[in-house]
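This report refers to the structure that appears directly beneath it.
Read-outs: derived from the displayed coordinates by stated rules, not from any lab. All figures in this text were calculated on a predicted structure; none of them were measured in a lab. Here the Cβ is made from the backbone with ideal geometry for all residues, glycine too, and neighbour counts use every protein chain on show.
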Protein chains: 4
Amino acid sequence: MEKMLKDILDKNSDLTKSGNLPTYIPELAKANKTALGICVAELSGKQYCAGDYQYSFTIQSISKVVTLILALQDNGITEVFSRVGMEPTGDAFNSMMKLEIVRPSKPFNPMINAGAIAVTSMINGEGEKRFNRILDFFKKITGNPNININEAVYMSEKRTGDRNRAMAYFMRDVGVITGDVEASLDVYFKQCSLEVTCQDVAQIGLFLANDGIVPATGERLADSEFTKLAKTFMVTCGMYNASGEFAINVGIPSKSGVGGGILSVVPGKMGIGVVGPALDEKGNSIAGIKVLEDLSKMLKLSIF
Amino acid sequence: MEKMLKDILDKNSDLTKSGNLPTYIPELAKANKTALGICVAELSGKQYCAGDYQYSFTIQSISKVVTLILALQDNGITEVFSRVGMEPTGDAFNSMMKLEIVRPSKPFNPMINAGAIAVTSMINGEGEKRFNRILDFFKKITGNPNININEAVYMSEKRTGDRNRAMAYFMRDVGVITGDVEASLDVYFKQCSLEVTCQDVAQIGLFLANDGIVPATGERLADSEFTKLAKTFMVTCGMYNASGEFAINVGIPSKSGVGGGILSVVPGKMGIGVVGPALDEKGNSIAGIKVLEDLSKMLKLSIF
Amino acid sequence: MEKMLKDILDKNSDLTKSGNLPTYIPELAKANKTALGICVAELSGKQYCAGDYQYSFTIQSISKVVTLILALQDNGITEVFSRVGMEPTGDAFNSMMKLEIVRPSKPFNPMINAGAIAVTSMINGEGEKRFNRILDFFKKITGNPNININEAVYMSEKRTGDRNRAMAYFMRDVGVITGDVEASLDVYFKQCSLEVTCQDVAQIGLFLANDGIVPATGERLADSEFTKLAKTFMVTCGMYNASGEFAINVGIPSKSGVGGGILSVVPGKMGIGVVGPALDEKGNSIAGIKVLEDLSKMLKLSIF
Amino acid sequence: MEKMLKDILDKNSDLTKSGNLPTYIPELAKANKTALGICVAELSGKQYCAGDYQYSFTIQSISKVVTLILALQDNGITEVFSRVGMEPTGDAFNSMMKLEIVRPSKPFNPMINAGAIAVTSMINGEGEKRFNRILDFFKKITGNPNININEAVYMSEKRTGDRNRAMAYFMRDVGVITGDVEASLDVYFKQCSLEVTCQDVAQIGLFLANDGIVPATGERLADSEFTKLAKTFMVTCGMYNASGEFAINVGIPSKSGVGGGILSVVPGKMGIGVVGPALDEKGNSIAGIKVLEDLSKMLKLSIF
């Protein structure tokens, strides 16, 4: 297995030279563009890693999957989906257009930025507690007590997060968000700035593959129904507005982040973490997608 | 099994009173609004039916799955997807907006009307031959030599199909469609007007569940890759702009039509045909969706 | 005056080298890109011309002003504006987006293509008569009995007019247009293909400047109210989605066409015809606009 | 004249019963819905008033005309229009859609909210000074040293101004606005909250009618070119997305505000202030428009 992973990385390593690092969050533009790593964690407890699997990167949009589950635990399905929709959009992750032209006005799904900000605003906890609950949730899921935010990235996101700010105020205007917008944005910027490795991401995948129970501890952290729901969103909306193509070519429920990471779940079998900071124009890891495509084909992992 | 199907229909029969018959194709408004039927065909060869499973209805958008496969057989993946995208849209099935604002201009996927018309325009065959090839393909897949178009519905579609006409001419303007627009529309209106029962639809599902081989005859009619691709589209875009919610609540690759039918596929296991002509505001059978949701939960059919 | 006109043309003649001839109507791409001419007709009966004022070009969108007036004569204000709006759009002349997202669905104004097609569809006359009435109206307004269509351009428009076709069918779908779409389009393509010179266009301007009475004959061809209305549209929507900037920089009610012509009206004083086939990216004569700007400043012709 | 004004008000007073007070700024919903007043100030120095001409209301969007002129004085035409466009939009005053879909991203004109906020952000002055300069400008133009903000409305705007906040952050994201967004919004909310009467508004109109010189003092407060530019925007974009219809029916350069006021200018002749707080669905005074239409027809004031 590790040999195969290494071969796949080698085959795709040239792709890291194409694509670009995101510049709208200046701190992210400092990433190592040619890093490429993977970690596969099986329910059996075995773990296989290759390449730059110890490379640290910020989790970015991958965090949306985890906060969605926490918001569902806190509020239940009915409440969460009264404020956020369930449909893919076909628009860019930072698009606001449908908020204006579709009635009633609510973000189309929890995987685009607007939806994820709305979800984060629903997580329980006053002041510091809200983010601390999210951080604890991540620590328990990954079994990594050292996960924390990358302060430089967090400050960079906060300073340059005007598009997200625009969405958040728009959503408060139409009643999707209530309460302190800047406080919710601050939590959102923090959750996006969590620093992880492929191993951490693979553990999140394993937790989802195991329907909400952390295999190592046997602790149930989320209802099976909520993890199933999260995996479904990963298929229909997980790769921004390239989700449809990814479903066809790879077929594994996945969520990407502009930090270059991809979280993938093979239900009942394995969690996968991939990193490759060079992005395509839609915001997905350009080499990461191809690595997963090769892995999916070799191991026949597509759910379709 | 038949008892269970009957119970599910009974439980949901009241739903047929809500919803509406489509009025934009006048002939469809004459359907029996309270009809409700289901047919489940297993790979084993067994078939279970209940309710109005012999009720005849026009296949409408369900045909898009079949013509996509035929166009792929004729042209290959590269050519087909040079003209049609792979992404869900979040817009209504008859929306043209993204054709105008997204560059390059091409329909987002083969399951919305614009995409399906483009796909049909790519199917080989001069004059009458093009539709005849489609009709033969349907006959072979369903094993029903008597399938044919409902003339009244066909004429009604042709007469009132101005929105589809608008899309087709727009697409020729931007180069997605070449050749005679009215000829392609005529084939499209015909394929939508094919009259079927739940049994026919279940056989289409079985053919997809069996990766392109008709179980009864053992004949391979389509590449496995193309049927897999079709099933993926059924998940991401099969239920119009309610596909995301359907994936979460039901989780079975499906395609609906405004004739009230739904085609569902449980990969490797079964094909399902459901009919219930009363539609919700997005164009899906209001009772049909709930019937599939109940069936999915009872038999644990969700792929997620 | 003629000296001044000549000087203005000389000053701006270099601009004809920038810009482009339209390629979407192949026949228009054959125009003489460096032609530049102007004709100013005063109510006093005097006429001043300079440059390529005898250069023939097709009238294109300038015709929309004339057909609007004829449709108002035929149907009255209430009927015409039940089908077409009065607002500038900010969108390109061939945009369809607002037809889809604004309710009720009707073209925003009679100066964009969709609105002009709807207007033409309302002009009285069976079969050939409809266009013949338009042609007669043009002949009387201009006093030029030889005006006729350029057959090559007409055929080119008809062959490549798929975007207009798309709009027209969309409008029939939503009830803005009734009757035979291709027949209305045919009249529209013909009216756009009328071949004129700057002198003809200046005469149209003079007719508008004189509130609907042809100065030479004293014949009232249109209600004063309708010509006033037409001049107002020329200010708010006459230069496509550059109308606002033109109002500020020039301030003369004007209507441009992709044949390179511009019709301008100084109310109560003069009609102006300008031609310069090289267009900017919004479809307006690149040199023509500057010629009018200079003339407006020299003679203080702005209405603002 | 006063008799005529009174008759016009009487004729249209019933219209104040239809329409609605704006509810999105709660404090505005407390206005006197049936108030109706007018003031006409002539360049000769004469002033004619009728009805509730002493009724106080907040100036709201009418202020956009004045701040545009001040921003032009501060920055010049090139700089201002590098950040704001010159085109009418056809969209609602609080629409953000074109910011997202049109490139380069900048507000279409200075009369919609986004454009006006961008304009205000360009006015010189650190801290308190910026708004104080605006206030002084208003005092000099109107000759009313007592003009000031309505604190309750200002606080209400600030508290509920999330849509404006969304626009402002979006614009900073795309580089249209630089610097402290909340500070610019605060100035914008204050300028909208200035309390005026019809007499004040008529004086603003007079200043514009007189090309930038206050008739009473002879003081030139603005370049003639900038006031001409402002009047042009009042024609093409002054009445929100009803500007086209208003140009046709009334034909006087005007700017409305959701406080129920309308500023009108008859170039070279008079300034007019009208108030009637009940609004139509586009945000214009429902009775005010009709009062101006009657006045325009009686005195032949249309510029077209």
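Observations on the structure shown:
- Note on A:95-101: average number of Cβ atoms from other chains within 10 Å of each residue's Cβ is 6.
- Selected from D:Ser105, D:Ser256, D:Ser264 as most flexible by GNM, with chain D as the system and alpha-carbon contacts under 10 Å: D:Ser105
- Residues with amide H under 5 Å from that of A:Gly259, placed H, sequence gap 5 or more: A:Ser61
- Top of B:Leu206, B:Leu263, B:Leu185 by mean-square fluctuation, Gaussian network on chain B, Cα under 10 Å: B:Leu185
- Chain D: most fluctuating residue of D:Val65, D:Val102, D:Val235 per GNM, C-alpha cutoff 10 Å: D:Val102
- Test item: Cα-centred dipole of the stretch D:184-227, Lys/Arg +1 and Asp/Glu -1 on Cβ, debye: 60 debye
- Positive minus negative residues near B:Ala92 (Lys, Arg vs Asp, Glu; Cβ under 10 Å): -2
- Calculated on C-alpha atoms, the gyration radius of the protein assembly as shown divided by its Kirkwood radius gives an Rg/Rh of 1.00.
- The alpha carbon radius of gyration of the stretch D:184-304, expressed as a multiple of 2.2 N^0.38 Å, is 1.02.
- Computed [θ] at 222 nm, deg cm²/dmol, chain A (DSSP H ≥ 4; -39,500 (n - 2.57); rounded to nearest 500): -14500 deg cm²/dmol
- Calculated from backbone phi, Karplus (6.51, -1.76, 1.60) coupling profile of the stretch A:39-47 in Hz, x at Gly/Pro: 9, 10, 10, 9, 4, 4, x, 6, 9
- Take each residue in C:103-110, count the other chain C-beta atoms within 10 Å of its C-beta, and the mean is 1.
- Total charge dipole magnitude, the stretch B:2-299, about the Cα centre, Cβ charges on Lys, Arg, Asp, Glu only, Debye to nearest 20: 160 debye
- Cβ-isolated cysteines (cut-off 4.7 Å), the protein assembly as shown: A:Cys192, A:Cys237, B:Cys192, B:Cys237, C:Cys192, C:Cys237, D:Cys192, D:Cys237
- Euclidean distance between Cα centres, the stretch C:1-67 to the stretch B:7-31, Å: 61 Å
- Each Cα pair under 8 Å and six or more residues apart adds its separation to the average, and for the stretch C:1-115 the resulting relative contact order is 18 percent.
- Residue-averaged beta-carbon neighbours from other chains (10 angstrom radius) around B:170-181: 3
- Chain D: proportion of alpha-carbon pairs further apart than 27 angstrom, %: 34 percent
- Taking GluC sites (Glu not before Pro) as exposed when DSSP calls them loop and at most 11 other C-beta atoms lie within 10 angstrom, chain A has its longest site-free stretch at A:127-280.
- For the stretch A:15-101, the Kirkwood estimate of hydrodynamic radius, built from reciprocal distances between every pair of different alpha carbons, is 16.9 Å.
- Distance from the stretch A:83-137 to the stretch A:172-239 (C-alpha centre basis), Å: 12 Å
- Between amide H atoms placed 1.01 Å from N, distances below 5 Å from A:Gly85 occur with A:Phe108, A:Asn109, all of them 5 or more places distant or on a separate chain.
- DSSP-loop trypsin sites (Lys or Arg not before Pro) across the stretch A:245-304, with at most 12 other Cβ within 10 angstrom: A:Lys300
- Each pair of Cα atoms in the stretch D:1-157 enters the Kirkwood radius, and Stokes-Einstein at 25 °C and 0.890 mPa s then converts it into a translational diffusion coefficient of 135 µm²/s.
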